[in-house]
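Presented below is the structure to which this report refers.
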Amino acid sequence: MTRDAAGLDKNFNHQEAEARLYKWWEESGFFRADPAAPGRPFVIVIPPPNVTGKLHMGHALDETLQDILTRYHRMCGDNTLWLPGTDHAGIATQNVVERALAAEGGSREELGREKFVERVWRWKNEYGADIVHQLRRLGASCDWSRERFTMDEGLSRAVREVFVSLYEQGLIYRDYYIINWCPRCRTALADLEVEHEDRPDHLYYVRYPVVGKEAVLTVATTRPETIFGDTAVAVNPQDSRFQDLIGEKVLVPLTDRVAPIIADSYVDPDFGTGALKVTPAHDPNDFKLGQAHRLPSLKCIDDDGRMNQAAGRYAGQDRFDCRRNMLAELEEGGLLEKTEPLTHAVGVCYRCKTVVEPNLSRQWFVRTAPLAARAARAVRDGETAFVPKNWEKTYFEWLDNIRDWCISRQLWWGHQIPAWHCLSCGQTIVSREDPLACPYCGEDLERDPDVLDTWFSSALWPFSTLGWPDQSPDLARYYPTTCLVTGFDIIFFWVARMMMMGLHFMKETPFRTVIIHALVKDAEGRKMSKSKGNVVDPLNIVDRYGADAFRFTLCSLAGHGRDIRLSDERVAGYGKFVNKLWNAAKLVLNNLGAARLSDGAPAPLTLPDRWLRSRLDRTVRLMRRHLDEFYYDRLADVIYHFVWDEFCDWHLELIKPMLYGEDEAARVSVQSNLVYSLSVLLKLLHPIMPFVTEELWSKLPGAPGSLMLAPFPEGDDQVLDPAAEERIGFLMDVTRATRSMRADFGLPQAQKLAPLVKCGEPALASALEEYSPLLLKLMGAESLGLAGAETAKPRDAALAAFPWGEVWLPLAGHIDLAEESRRLEKELAGLGKEAKAARAKLANADYVNKAPEEIVEETRERLSAMEARTETLKRSLNLLREMEAP
RNA sequence: GGGCGGUUAACUCAGCGGCUAGAGUAUCAGCCUUACAAGCUGGGAGUCGGGGGUUCAAAUCCCCCACCGCCCACCA
């Protein structure tokens, strides 16, 4: 590829530059944080991706938003740390390795616990790094020297310390309870880990003969197989239909057991038959009823989802096979009254979608009430704020209704619970150090086989990664963290639990701001999923359009909504933006003369330069505001339009004549402003588009070191220049009016024009005189004249009216009178409508009296300007009519 | 059952009490103007989901309705 004088290729070669620049940044240690360094801390801990994961759009969005903040604050001179890492993802990872084993014809049971865990570690070390390397492709400026893993030694120590402390404080306990059980994963699940899906199903009406009476009690159930675990039938005590049956007994169908008929107000008389079968071992509600009425619990389904001995001859059958088979038997025996279709919510495992089986078992729980109350209070008191704020309601909703958290999992991959059970005396020991023998009786101990919920260790992430429980320098300097950036799907799973643990153990909120972003959907708004085949691979986008274009796209889409629709066209559009920037820089860099950035900020001399500096300053302020308030979409919008519209379309075009001209003083002034303003643009863009900006920075004469470490621009009242903005605004009006009239009259580009401007304001008129040469090319004009106050508009000239005056375009021989009349009439009509509305407002006494003074004043000014323009247009139109008339 | 969003141009979205409701894409017309045709210039395009209310003023605030989506939930 050919390079120009400034050393720039024709286009930005993102493939080559991204790899090279990232390597340079990383090797130079630019990402590394130093707790001993000065500066206000700015800290983000990454939401750790699962080691099993491949980088998907959700990560890409999440990491991009974090990197934008990180790079911005690093440039602001803050002591910035973005701490990366991965999560061991208990069930997910175990599933992956089990599948691999199965493919080899093995199983984890065959291998045994120790060997299996070794095998998972090998898998993790081999493949777990994938996602971490993929993050680098996006330009993520994480401090890789601090990378952590939820099962590394330090974090494991933190987990153990937390478990033991909570146990000692009575906030962790072990008990029999009905929990959600996944028969496929063969583990308990927390309530949160159960997803509810509406599925079409059936309601079966089953007859329970009443013992010693002719009566039959019919019960409606969706799960007839649990009949084998029935230990009562319940009715509502108010229900007149069943008064004489309360206290009697029924024969449980297909068994030889009898069960009492009990009364409880929980039963809804209007559902089904008003009678409810009670299976305390396999239904949470029934479990409660069982406790209240001291009913026995009878399990009829085993941990693998098969019926047990309680199911008699159905023992060993899968629960759903059993259902089918027993229904046939009920039918035959005349015990099935009827079957109705029913759609209801079925709980399924969030990992494998298997229908969960509520199951009575002994598990470990966290007593959440006190922790949750504190976590809610921290947000109510403003110690932590959500952005956007409305997510706080969701957060409160969950915390205020929280139930105890089941944390034990019957898996092998994870943090094994530090509890030992004495085989002899039955005591349980929970300890920081592995005990050798039972402290109560001296006999042998057996370690509790269960591991902890993956989210238990993630809950500690903001402080465990910084060295806790040790009082490390990192912990002292970087806790609490500043921002947490994540999707709303894990507010409960993760955010709320980090709040609980952080507040409990660190006595301080884990982060000041929680930035909740939308979820990335496909272009049609559908969730991306493998089964739908609509998954877009972020790395494929990066390959095709470059990380910068991709990041800019994600930034521009990251409004405060609920979902983000990613389309290829959008990314392609921002790819063009990268190209635009590249080319603008090429123009600048190839025409700088001797100007160097190290010469310092120039004193702006020419009007276009003063204008640009002023506009740039406003842009800097806006960018900072949007960055500080996390308005990513506005951030992208502001810089996009500044670069494209103001810098490229106007400034560069305005200064070209001076840049290429003979006047050396003007040229040098323009050049020094160019090198300076380009440098500011690159800084502003860098957090969003790190690669192309760094590459251009390296070509900027006199630009020191890496752009990553350059100071982010600040607003400067000295360069705000409203007068320059007004003058350039006026020159733009003239230019646009002329262009527009050319188009309206269909004049070819080759046709040179000679517009005249009539302007009563001396300051503007003098700007026109001075800078009209710069405009000629933009308008395709050969001359641009200033009409004196007494000059009348030539009869054959087209007209454009402005608050400051008029633009006339003499069109001898070209003017189409009818066309010009149409133009003016259209303009007048629009103006008339607007003026009418303004007049109506001002005629309204209520408006004049009640609206704020400045609003009313503004309306008055607008109206008088409109009236002046209307007059001008009318005069011109009358003139035309006279000419048209024979 | 409870809660939260959304409905604005052909498409994707922004605006959330006060300039003639904006942008990108798409579209139409004219241009290869020595940074960029991945470009330049000009234009067209919207009863802001429906209905009611509050207000001097409503896309914006309140109520009702319709449709779409999401989350939470132990009615079998």
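Please treat every number below as a calculation from the coordinates, not as lab data. All values reported here derive from a predicted model rather than from experimental measurement. Cβ coordinates were reconstructed from backbone atoms using ideal geometry, including for glycine residues, and neighbour counts include every protein chain displayed.
Net charge in the neighbourhood of residue A:802 (other residues with Cβ under 9 Å of its Cβ; Lys, Arg +1, Asp, Glu -1) is -1. For segment A:370-454, the set of GluC sites (Glu not before Pro) satisfying both a DSSP loop assignment and a count of at most 12 other C-beta atoms within 10 Å is given as A:433, A:443.
Under a straight-distance cross-link criterion of Cα-Cα below 18 Å, which lysines are reachable from residue A:793, leaving out those fewer than 8 residues away in the same chain? Straight-line reach from residue A:793, under 18 Å: A:758, A:874. How tilted is helix A:369-380 with respect to the longest principal axis of chain A? Cα atoms for both, answer in degrees (0 to 90, nearest 10). For A:369-380 against chain A, the angle is about 10 degrees.
Extending 7 Å from the Cα toward the beta-carbon at both residue A:434 and residue A:324 defines two label points whose distance is 4.8 nm.
Dipole magnitude for chain A: about 580 debye, using +1 per Lys or Arg Cβ and -1 per Asp or Glu Cβ, origin at the Cα centre.
Scalar couplings 3J(HN,Hα) for segment A:320-329, obtained by applying the Karplus form with A = 6.51, B = -1.76, C = 1.60 to θ = phi - 60°, are 7, 5, 4, 4, 4, 5, 6, 5, 4, 5 Hz; x denotes Gly and Pro. Residues in segment A:854-870 carry Karplus couplings, in order, of 5, 5, 5, 4, 4, 4, 4, 4, 4, 5, 5, 5, 5, 5, 4, 5, 4 Hz; the curve used is 6.51 cos²θ - 1.76 cosθ + 1.60 with θ = phi - 60°, and Gly or Pro positions show x. Of the residues A:461, A:398, the one with the fewest other Cβ atoms within 10 Å heads the list, and the complete ranking is A:398, A:461. The calculated FRET efficiency for residue A:152 paired with residue A:424, based on their beta-carbon distance and R0 = 35 Å, is about 0.50.
With contacts defined as alpha carbon pairs under 8 Å and 6 or more residues apart, what's the relative contact order of segment A:174-278 in percent? This gives 25 percent for segment A:174-278.
Taking a ≥ b ≥ c as the square roots of the Cα gyration tensor eigenvalues, with a/c under 1.5 meaning rounded and otherwise prolate when a/b beats b/c, else oblate, which class fits segment A:1-117? Here segment A:1-117 falls in the oblate category. Take each peptide in A:505-516, A:735-746, count the other Cβ atoms within 10 Å of every residue, and average; sorted highest first, the result is A:505-516, A:735-746. A Cα-only calculation for segment A:377-523 places Rg and Dmax at 19.0, 66 Å. Sparsely packed loop sites in segment A:1-107 (the chymotrypsin sites (Phe, Trp or Tyr not before Pro) outside DSSP H, G, I, E and B with at most 16 other Cβ atoms within 10 Å) comprise A:30. Most simply put, chain A has about 70% antiparallel DSSP beta bridges, counting only bridges with both residues inside it.
Put a plus charge on the Cβ of each Lys and Arg, a minus charge on the Cβ of each Asp and Glu, and nothing anywhere else: the dipole of segment A:413-463 about its Cα centre is then about 160 debye. With respect to chain A, whose longest principal axis is taken over its alpha-carbon atoms, helix A:14-27 is tilted by about 70°.
Take residue A:10, project a point 7 Å from its Cα along the Cβ direction, then tell me which residues of segment A:563-577 have their backbone nitrogen under 20 Å from it. Counting only backbone N, you get A:575-577. Fewest neighbouring Cβ atoms within 10 Å first, the residues A:117, A:45 line up as A:117, A:45. The length gained by stretching the chain between residue A:881 and residue A:342 to full extension, at 0.36 nm per residue less their Cα-Cα distance, is 186.2 nm. Across chain A, the mean sequence separation of Cα contacts (distance under 8 Å, 6 or more residues apart), normalised by length, yields a relative contact order of 12 percent.
Modelled this way, with points 7 Å down the Cα-to-C-beta line, the labels at residue A:862 and residue A:114 are 8.2 nm from one another.
Take every pair of alpha-carbon atoms less than 8 Å apart whose residues are at least six positions apart; their mean separation over the length of segment A:759-886 yields a relative contact order of 24 percent. Look at the dipole of chain A built from charges on Cβ: of A:564, A:731, A:250, the Cα furthest out on the positive end belongs to A:731.
Taking other Cβ atoms within 10 Å as a rough exposure proxy, A:222, A:231 sort from fewest to most as A:222, A:231.
If only the Cβ of Lys and Arg carry +1 and only the Cβ of Asp and Glu carry -1, the dipole of segment A:558-704 around its Cα centre is close to 220 debye.
For residue A:301, the residues 5 or more places off, or on other chains, whose built amide H falls under 5 Å of its own are A:308. Assuming a ≥ b ≥ c are the square roots of the Cα gyration tensor eigenvalues, decide whether segment A:502-645 counts as rounded (a/c under 1.5), prolate (otherwise, with a/b larger than b/c) or oblate. Because a/c hits 1.5 or more and a/b fails to exceed b/c, segment A:502-645 counts as oblate.
Does segment A:264-362 come out rounded, prolate or oblate, given a ≥ b ≥ c as the square roots of the eigenvalues of its C-alpha gyration tensor, rounded meaning a/c under 1.5 and, failing that, prolate meaning a/b above b/c? The shape class here is rounded. I'd like the FRET efficiency for residue A:594 and residue A:20, computed as 1/(1 + (r/R0)^6) with the beta carbon distance as r and R0 of 22 Å, rounded to 0.05. Working from the Cβ atoms, E equals 0.15.
The modelled label-to-label distance between residue A:201 and residue A:304, using points 7 Å beyond Cα along the C-beta direction, is 2.4 nm. The reciprocal of the average 1/r between distinct C-alpha atoms defines the Kirkwood hydrodynamic radius, which for chain A equals 33.4 Å. If you wrap segment A:394-451 in the convex hull of its Cα atoms and look at it from every side, the mean projected area works out to 5.8 nm². Treating each Cα of segment A:571-681 as one equal point scatterer and applying the Debye formula with no solvent, the log10 of I(q)/I(0) at q = 0.17 Å⁻¹ comes out as -0.82. Checking every one of the chymotrypsin sites (Phe, Trp or Tyr not before Pro) in segment A:441-476 against DSSP loop status and a limit of 15 other Cβ atoms within 10 Å picks out no site at all. With bins 10 Å wide beginning at 0, the percent of Cα pairs of segment A:679-759 falling in each bin runs 14, 25, 18, 24, 18, 1.
At full extension, residue A:543 and residue A:291 could sit 84.7 nm farther apart than now, given 0.36 nm per residue minus the alpha carbon distance. On the basis of the beta-carbon distance and an R0 of 51 Å, residue A:100 and residue A:145 show a calculated FRET efficiency of 0.95. Label zone of residue A:390 (point 7 Å out along Cα→Cβ, amide N under 12 Å): in segment A:558-598 this covers A:560-563.
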